Amino acid sequence: MSVTILAVILGLQLKHLVADYFLQFDWMVAEKSDITKLGGYAHAGMHIVGSAIVLLLARVSISMILALVVAEFVIHYALDYTKIHYSRGVSIDTSPQKYFALHGFDQFLHHLTYLAMTYFALVAFAS
């Protein structure tokens with residue numbers, strides 16, 4: 001069981017790296033601050049596709065995967081939307097400490113989401 005836990009956490013971390021840093025395009029970033037535009041939804045959607053793949057590989061039930069990715073979609077979108085609004089006017093050039101503090105806190109919250117997803121997926125798997 002501990003190897004499965006580590007594999008799921010590693011898979012979700014790798015998925016996060018790819019979705020947040022390699023597959024997040026400029027138009028997504030530009031549109032994440034507006035709930036009427038597609039960018040933030042597309043970005044959160046990429047995250048849940050990646051998470052679903054990781055959870056499928058871990059043999060988590062389809063019903064649990066659906067519950068987890070719906071929750072992740074809402075949480076991921078809300079975290080990104082909130083970060084955009086709290087970090088307005090904060091630039092890496094003018095306020096590097098504040099910029100990295102906000103960025104780091106945002107990433108920490110996303111990673112807490114993955115720990116919670118792993119917990120719920122594997123508790124359900126064990127029962």
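At-a-glance table
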| read-out | value |
| --- | --- |
| Pairs, first closer than 17 Å to residue 83 by Cα in region 29-52, second among the aromatic types (Phe, Trp, Tyr) and surrounded by fewer than 16 Cβ atoms within 10 Å (Cβ to Cβ), C-beta under 7 Å, six or more apart | 39/27 |
| Positions within region 25-39 being out of contact with any Phe, Trp or Tyr (no Cβ under 7 Å at 6 or more places or on another chain) and in a helix (DSSP H, G or I), in sequence order | 26, 27, 28, 29, 30, 31 |
| Region 87-99, subset loosely packed, with under 13 Cβ neighbours inside 10 Å and not small (Gly, Ala, Ser), residue modelled with the lowest pLDDT | 88 |
| Selected residue (criterion: farthest from residue 16 (Cα to Cα)) from residues of region 88-127 that are among the polar types (S, T, N, Q) and within 18 Å of the chain's Cα centre (by Cα) | 118 |
| Those residues of region 1-24 which are under 17 Å from residue 60 (Cα atoms) and outside any helix (DSSP H, G or I), in sequence order | 1 |
| Long-range neighbours under 8 Å by Cβ, at least six apart or interchain, first residue closer than 18 Å to residue 50 by Cβ within region 66-93, second part of a helix (DSSP H, G or I) and among the acidic types (Asp, Glu) | 79/106; 80/106 |
| Any hit, region 8-15, residues being among the charged types (D, E, K, R), buried (at least 20 other Cβ atoms within 10 Å of the Cβ) and closer than 24 Å to residue 123 by Cβ | yes |
| Complete set of residues in region 18-61 that are more than 19 Å from residue 115 (Cα to Cα) and in contact with a Leu (Cβ under 9 Å, 6 or more places away or on another chain) | 27, 28, 31, 43 |
| Qualifying residue in region 85-108 (condition: under 19 Å from residue 38 (Cα atoms), of a type outside the set (Asp, Glu) and part of a helix (DSSP H, G or I)) | yes |
| Residues of region 24-48 that turn out to be aliphatic (A, V, I, L, M) and surrounded by 16 or more Cβ atoms within 10 Å (Cβ to Cβ), as a count | 5 |
| Any hit, region 49-69, residues being farther than 13 Å from residue 110 by Cβ, in contact with a Ser or Thr (Cβ under 6 Å, 6 or more places away or on another chain) and part of a helix (DSSP H, G or I) | yes |
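The values are calculated or read from the model by the stated rules, or taken from the named source; none is laboratory data. Because the structure is a prediction, the values reported are computed rather than measured. Every residue, glycine among them, receives a Cβ derived from its backbone with ideal geometry; neighbour counts consider all protein chains shown.
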